[in-house]
1. Within the P(r) computed for segment 365-434, what percentage of the Cα pairs occupies the region above 17 Å?
2. Which value, in nm² and rounded to one decimal, describes the direction-averaged projected area of the C-alpha convex hull of segment 284-329?
3. Give, in whole angstrom and from largest to smallest, the semi-axes √(5λ) of the equivalent ellipsoid of segment 49-91, with λ running over the eigenvalues of the Cα gyration tensor.
4. Only Cα pairs under 8 Å and at least 6 apart count here; give the relative contact order of segment 94-221 as a rounded whole percent.
5. What base-10 log of the normalised intensity I(q)/I(0) is obtained for segment 240-379 from the Debye formula, alpha carbons as equal point scatterers, at q = 0.16, 0.17 Å⁻¹?
6. Counting just the Cα atoms, what span does segment 113-157 cover along each of its three principal axes? Round to the nearest Å and put the largest first.
7. List, in order, the whole-Hz ³J(HN,Hα) value for each residue of segment 289-304 obtained from phi through the Karplus relation with A = 6.51, B = -1.76, C = 1.60 and θ = phi - 60°; use x for Gly and Pro.
8. Would you mind ranking VAL95, VAL421 by Cβ crowding within 10 Å, fewest neighbours first?
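Please treat every number below as a calculation from the coordinates, not as lab data. Here the structure is a predicted model, which is why all the values come from computation and not from measurement. Positions of Cβ are generated from backbone atoms using ideal geometry, with glycine treated the same way; all protein chains shown enter the neighbour counts.
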Amino acid sequence: MLTAKGSSEEETHLKMPRISIFGLGYVGTVYAAGFASKNIEVIGFDIDEKKLKLLASGISPIYEPGLSELVKDCVHKDLLKTFSTAEDAVLNSDVTFITVGTPSNSDGSIDLKYITETSRVIGEVLKKKDRWHLVTVKSTVIPGTTEKVVKKIVEAASGKIAYKHFGLGVNPEFLREGSAVEDFMTPDRIVIGVSDEKSKVELERIYSGFSCPKLVTNIRTAELIKYVNNAFLAAKVSFINMIANLCQKIPNCDVTAVAEGIGLDKRIGKHFLRAGAGWGGSCWLKDLNALNNFARKNGLTLPLIDATLQVNDMQPFVMVELARQLIGSLSNRRVVVLGLAFKPNTDDMREAISIKIVNMLLNEGAEVKVYDPAAISNAKEIFRDSVNYASSANDCIRNADCALIVTEWDEFKSLKPEDFVRHMRIPAVVDGRRIFIPQAFSSKLRFAAIGLGANEYFNPALAVNAMIVSDSEKILLVRRTIEPFNGLWSLPGGFVEYDETVEEALTREVEEETGLKIRPKQIFDVFSHPLRSPVKHVVTICYLADVLGGSLKSSNESLEARFFSASEIPTRLAFDHHEIVEKYMKLQREYWKTC
Ligand code: UDX
């Protein structure tokens, strides 16, 4: 294995080969414009005439930050051209990069139909070309594909011999969506897979203007590096997601601090340790499945890849469970999803985790509304009329019972707890991307987040605050003596799963017995505590009653109720209240043993 030197004066002054790029999708367009911006003559080719026409008129066929300007400038300078035939593209260039798609077959294996067709077309043109030409595979292909498929097809179609009449190379890309131009301009490294010196020299010349490390390997190793790169990144994200699920079980534990703690170890590194609702995108799932399939064909299993996929499959369930913990059954509840694209700054919904989450919510019987700053039109293709679509984040959360943050768009980061409190019917938020500060949110509304352990001492004010719309609003607190809790404070219905009938019955009863007028949902919001467990719920009410002490007016020997203003309700559970909570918890535990 050789490590080539970085750029030097001498190298950058060498004459640049002319490049043709076959496949003007996401990778091809970025490379076409990128190479052209480095003063290399580039010809773009695609079988899709629409893409060719767009590019010819200086318009990028895909959206990527900074790409439109680059395409326009390079077309204007005549460095980036298009030809409408493959023949013209190959005959007018020295190197052809294959950048066509490599989708998945139903068994996870890689579908090579575009690779084989492109190789055949290039081979047929090479038959007519009397000069040496370099064919380079940039598409992600399983080890052995370039030598066993591309080389053979080009040789058969051209009647020429690889490494003698034409060169062969593999040059994987590592572009991220949303920062592809930046990744092109400042790559971490460039991988060049070759078997012959001439191809190596040609590819090194093309990349002579880049100062990053350049790794030269054989062809199969270069093909494998791309898969292993994606597999490792996916494993890193799944690893922290797995730890996030553990953190949720540990009171007061937060995965973001854990990630920071391990990320500072240089051997681990801080990148790709953001825990969340799960990873998506067009590459990882396809590539991990292809790698697994390839390993199996070679009589091997890859348990860490299986586990990486398995953890990712779990994350949508974790999100839905957190929503359930906040508001109970999701059936007939208005649940909203903020963020649909597989990551921010793109409209791409391929393999987006939001698809699984939305489908699960629908299966739970929830009424689902969605919003994304860019992906709504793609989402409509997927969800059709099974969900409602919002035109803004605030429109989405209006009158909702629970909001799930699924993509970390900047627009959502600026939402304040008050926005949710003001707009939602029940202000309950599940932060699936860790964009909100837990302390700021959990003191004002029902809040759960991926990788956030429950507060050891739950905040009784949460249950009440969940319905505080403004400071002038009042909260009804009810004291009722129930047999098993004689002498304790509790709410009727405290041990039953909430449903509308309980609320109606309770409302009627309290109104009749106290003469107070109760706003719809007022009672429900008090007693449907975020920490769903009836034990904690009753402790909350008991605790509140104790803290507010004897101020309830008795109208009946078994029921007392009074409205409290927001300022009368404590917003934080101080540490010295721990004993009170413990006292009630103990009594509750004893009660449950008798059930
Ligand atoms: C990825 C690779 O990074 C790139 O090198 C390859 O060429 C194509 O696949 P991309 O699909 O654009 O690029 O997305 P990337 O930014 O890598 O993120 C992938 C997924 O992981 C996204 O869903 C993202 O939200 C998620 N992710 C990423 C996390 O959940 N946590 C992290 O810390 C990082």
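1. 40 percent
2. Averaging across all directions leaves 3.9 nm² for the Cα convex hull.
3. 19, 12, 8
4. Contact order relative to length: 23 percent.
5. So the normalised log intensities work out to -1.02, -1.11.
6. Its Cα atoms span 31, 17, 15 Å along the three principal axes.
7. 5, 5, 5, 4, 4, 5, 5, 4, 5, 9, x, 10, 10, 10, x, 5
8. VAL421, VAL95
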